[in-house]
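The values are calculated or read from the model by the stated rules, or taken from the named source; none is laboratory data. Model, not experiment: these values are computed from the prediction. Cβ placement follows ideal geometry from the backbone for every residue including glycine, while neighbour counts extend to all protein chains displayed. The protein model used for the area step is the full one, side chains on, heavy atoms only, and it has no ligands, DNA or RNA in it. Shrake-Rupley method; radii C 1.70, N 1.55, O 1.52, S 1.80 Å.
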Amino acid sequence: MNGTESAAAGENGPPVEAGDRGTVEHRIVEHGIVGQGIVGHGPGDNGTGENGTVAHPQAHGEALAERLARLEALLAPARGELIHAEQRLVPAWRRATRGEPRWASTSAVLAAAGIQLALPARLLPRPHWLLPAVELALLSALVVVSPHRIERRSRPYRWTAILLTALLTTTNVIALGHLVDGLVHGTEGKEAGPLLALGGSIWLANVIAFALWYWEYDRGGPVSRAAGEHDVPDFLFVQMQSPELAPPHWEPAFLDYFYLSFTNATAFSPTDVMPVTRWAKMLMLAQSAVSLITVVLVVARAVNILK
């Protein structure tokens with residue numbers, strides 16, 4: 001080697017010019033490797049060999065993975081605090097949550113189908129068990145697909161649920177139509193007790209059917225509500241207007257819509273839950289009309305019989 005060379009070479013490597021070594025070190029520093037714990041300055045530092053040479057790339061990856069793991073561990077508490085802060089600031093009904101448990105809506109459909117099966121055969125199309133049987137078959141399909149929580153996002157599933165609600169409503173309207181026709185022509189309502197029981201059964205099935213409509217269409221249905229896809233509600237509950245009075249994880253479920261349907265059927269108008277969109281107002285109007293016809297005709301006939 002002459003005077004311009006720096007006599008720096010590994011045992012097995014070719015001589016390295018002093019200028020070349022400076023260029024390599026400059027590039028290492030420029031790419032941010034030195035000082036980050038991957039390549040050090042002296043022998044024995046992280047990522048270097050005994051002669052200060054760059055370690056194997058696998059060592060770089062292990063060192064980087066270790067540092068990233070430490071960083072994630074440091075950020076984990078802050079991440080949890082951010083999640084809790086979001087839950088405090090954003091109510092549950094406006095953010096993504098778990099799907100609603102199925103038991104309440106399933107129990108309501110079973111009750112409505114049972115009421116319709118118990119109605120006199122003269123009030124339903126023959127065979128009188130056919131429509132309730134189809135309702136139970138549709139319900140069974142929904143339960144098989146989503147047995148515990150209503151979280152399945154599927155167009156056939158959605159339309160099956162709507163078809164079930166429509167069939168329940170249609171069956172109830174047919175029974176009510178035959179009852180009203182019999183009351184007008186004097187073929188129904190010979191005794192007050194059975195007439196009141198019959199009218200009450202149809203009225204209760206009507207409450208369940210409209211509760212299902214409200215539940216299926218408010219903010220896109222139960223699956224869309226759980227995903228937090230719609231900010232504007234179709235029905236404005238008290239907990240939405242005064243979130244400080246509601247539990248932190250409150251969001252409307254089927255029983256809330258059943259309460260809405262029951263109060264609308266008894267008061268013939270909204271009570272503490274306000275309809276916001278036009279379709280919600282028209283649906284509540286239709287339920288009030290059906291309920292009014294049922295109550296007025298049945299009760300009036302029963303009073304006449306008792307007199």
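Below are the figures for this structure:
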read-out: Of every Cα-Cα pair in the range 66-208, the percent that sits beyond 21 Å; value: 60 percent
read-out: Fraction of accessible area attributable to carbon and sulfur, the range 176-272 (%, probe 1.4 Å); value: 63 percent
read-out: Calculated on alpha-carbon atoms, Rg and Dmax of the range 227-307 in Å; value: 16.5, 56
read-out: For the range 219-307: accessible area per residue (Å², 1.4 Å); value: 52 Å²
read-out: Ordering of 180-186, 92-98, 255-261 by burial proxy (mean other Cβ atoms within 10 Å per residue, highest first); value: 255-261, 92-98, 180-186
read-out: Packing rank of 217-226, 273-282, 60-69, 194-203, where each peptide gets the mean count of other beta carbons within 10 Å, highest leading; value: 217-226, 194-203, 273-282, 60-69
read-out: Accessible area (Å², per residue) of the range 130-190, counting only protein heavy atoms and a probe of 1.4 Å; value: 53 Å²
read-out: Cα gyration tensor shape for the range 154-234, rounded if a/c is under 1.5, else prolate or oblate; value: prolate
read-out: Mean Cβ count within 10 Å, highest first, over the residues of peptides 141-154, 101-114; value: 101-114, 141-154
read-out: Coarse-grained scattering of the range 190-242 at q = 0.27 Å⁻¹, given as base-10 log I(q)/I(0) from a Debye sum over alpha-carbon atoms; value: -1.02
